[in-house]
Amino acid sequence: MRNILCYGDSNTYGMKPGMTGRYARDVRWTGLLQKLLGGGYYVIEEGLGGRTTVWDDPIEEYKNGKTYLLPCLESHKPLDLVAVMLGTNDLKKRFSLPVCDIASGMENLIRTILKSESGSEGGAPQVLLVAPVPIADVGIRAWRLMFGEGMKNSLLLAEEYEQAAKRNRVHFLNPGRSVEVGPEDGIHYTQAGHRKMAELIEQKIREIFPNG
């Protein structure tokens, strides 16, 4: 059985648009991915709302993705693949980060995974870097105040992430706007969005492991 760790933020957690609760396991993209992949795979869900790449949040505590990454890898090893999708929360105005620094934070995580010895026989697991779905400006004042220029910058993340993936020779997936987000906040996936994300990642995993 191949073990797949999905390390992300609230969209990996399965937060509903408008932050009105969590989708059921069979609606979340991780649960759907498990069904699509079948019994030869074990999908491990590690989503946390507000999680950043490597930054401590001055308002919300315990959101630094780097701090928990190594313990998480240790607790779930051996791993065949780590799918990591973070960066949306790094776009918040409170961090004042250029896109290149967010990509550097992600690159830090990638290198941590590759050095972690959390793969089979103490080697490195495969890594799939997934670019976050761009934020849709749906006109909500609170989100505009929180993200500021981060909404526009979300469109630039994929290109920077792709270059980071190439530098570190890991796999890359850019869902773009093919994954539907809810009009309630422009960030969290609809049920259709979760289905689409599951399909995209399943297809990529089949490419990474063509023999099952």
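Things worth noting here:
- Taking each residue of the stretch 164-190 that is loosely packed, with under 15 Cβ neighbours inside 10 Å and looking for partners that are not aliphatic (A, V, I, L, M) with beta-carbon atoms closer than 8 Å, six or more apart or interchain, yields Lys166/Phe172; Arg167/Glu107; Gly176/Pro134; Arg177/Pro134; Ser178/Lys196; Pro183/Pro17.
- Selection count where residues are assigned to a loop (DSSP other than H, G, I, E, B) and not acidic (Asp, Glu), scope the stretch 16-70: 25
- Subset of the stretch 50-98 (residues that are out of contact with any strand residue (DSSP E or B) (no Cβ under 7 Å at 6 or more places or on another chain), closer than 23 Å to Lys204 by Cβ and surrounded by fewer than 21 Cβ atoms within 10 Å (Cβ to Cβ)): Lys77
- Pair list, Cβ under 8 Å, 6 or more apart: the stretch 200-212 residue over 22 Å from Arg177 (Cα atoms), other residue modelled with pLDDT of 95 or more: Ile208/Leu81; Ile208/Gln126; Ile208/Leu128; Ile208/His171; Phe209/Arg2; Phe209/Asp80; Phe209/Leu81; Gly212/Gly40
- The sole residue among Ala124, Ala142 that is without any contact (Cβ under 8 Å) to a residue 40 or more places away in the chain, open to solvent by 10 Å² or more (accessible area, probe 1.4 Å) and touching a Lys or Arg at 6+ places or on another chain (Cβ under 8 Å) is Ala124.
The values are calculated or read from the model by the stated rules, or taken from the named source; none is laboratory data. Keep in mind that this is a model prediction, so the values were computed, not measured. For neighbour counting, all protein chains shown are included, and Cβ atoms are generated from backbone atoms with ideal geometry for every residue, glycine included. Keep in mind that these areas ignore ligands, DNA and RNA; they rest on the heavy atoms of the full protein, side chains included. Shrake-Rupley method; radii C 1.70, N 1.55, O 1.52, S 1.80 Å.
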